[in-house]
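Q: What follows is a structure written as structure tokens; I'll ask about it next.
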Amino acid sequence: MKEIIIKVEGMVCGGCENRVQNAVKTIKGIKNVVANYKEETVSILAKESVNIREIIEKIETIGFKVKLEA
């Protein structure tokens, strides 16, 4: 298992957190997802086989912006 933390812009409430969590949970191999709009983060526990690119695309598909660290 691996832990992935992604910065996400655009979450402004608990409803946004739920949308992100529910979307990411649909990806095969995801074990747990916790979104935090105040910290603008999504913490994910996933199998090693999960591709971070797939997670980013899923989050962006529902209208949020993933903030990649420079």
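Q: Per residue, what accessible area does the chain have, given a 1.4 Å probe and all protein chains present, in Å²?
A: With the other protein chains kept in place, the chain gives 62 Å² per residue.
Q: Given H placed 1.01 Å from N in the peptide plane, which residues other than close sequence neighbours of THR41 have an amide H under 5 Å from its amide H?
A: When sequence neighbours closer than 5 places are left aside, the close amide H contacts are VAL8, ASN36.
Q: Please arrange MET1, MET11 by accessible surface area, largest first, computed with a 1.4 Å probe and ligands excluded.
A: Listed by decreasing accessible area, they come as MET1, MET11.
Q: Which links in LYS7/LYS58; LYS7/LYS38; LYS25/LYS58; LYS28/LYS67; LYS7/LYS65; LYS2/LYS38 stretch past 20 Å when you go from one Cα to the other?
A: LYS28/LYS67; LYS2/LYS38
Q: Follow-up. Provide the net charge surrounding ILE56, with neighbours chosen by a C-beta distance below 12 Å and charges set as Lys +1, Arg +1, Asp -1, Glu -1.
A: +2
Q: Contour minus end-to-end for LYS25 and LEU68, with contour as 0.36 nm per residue of separation and end-to-end as the Cα-Cα distance?
A: Gain on stretching LYS25 to LEU68: 13.4 nm.
Q: In the chain, which longest range has no GluC sites (Glu not before Pro) that are both DSSP loop (not H, G, I, E or B) and surrounded by at most 12 other Cβ atoms within 10 Å?
A: With GluC sites (Glu not before Pro) excluded where exposed in loops, the chain gives 1-38 as its longest stretch.
Q: Can you give me the solvent accessible area of ILE62 with a 1.4 Å probe, rounded to the nearest 10 Å²?
A: Solvent-accessible area, nearest 10 Å²: 50 Å².
Q: Please arrange LYS38, LYS31, LYS7, LYS67 by accessible surface area, largest first, computed with a 1.4 Å probe and ligands excluded.
A: My answer, sorted largest first, is LYS38, LYS31, LYS67, LYS7.
Q: Now, a different point. Please tell me the relative contact order of the chain in percent, rounded to the nearest whole number, where contacts are Cα pairs under 8 Å and at least six residues apart.
A: 42 percent
Q: With runs of 4+ DSSP H residues as the only contributors, calculate the mean residue ellipticity of the chain at 222 nm using -39,500 (n - 2.57) per run, divided by the residue total and rounded to the nearest 500.
A: When only DSSP H runs of four or more count, the value is -9500 deg cm²/dmol.
Q: Spelling out what I want: for every residue of the stretch 20-35, take phi, set θ = phi - 60°, compute 6.51 cos²θ - 1.76 cosθ + 1.60 (Karplus), and round to whole Hz; glycine and proline get x.
A: Those phi angles translate into 5, 4, 5, 5, 5, 5, 6, 7, 4, x, 7, 9, 8, 9, 10, 9 Hz.
The values are calculated or read from the model by the stated rules, or taken from the named source; none is laboratory data. Note that this is a predicted model, so its numbers are computed, not measured. Here Cβ is always computed from backbone atoms with ideal geometry, including for glycine, and neighbour counts include all displayed protein chains. Each accessible area value is taken on the protein alone, full model and side chains, heavy atoms only, with ligands, DNA and RNA left out. Shrake-Rupley method; radii C 1.70, N 1.55, O 1.52, S 1.80 Å.
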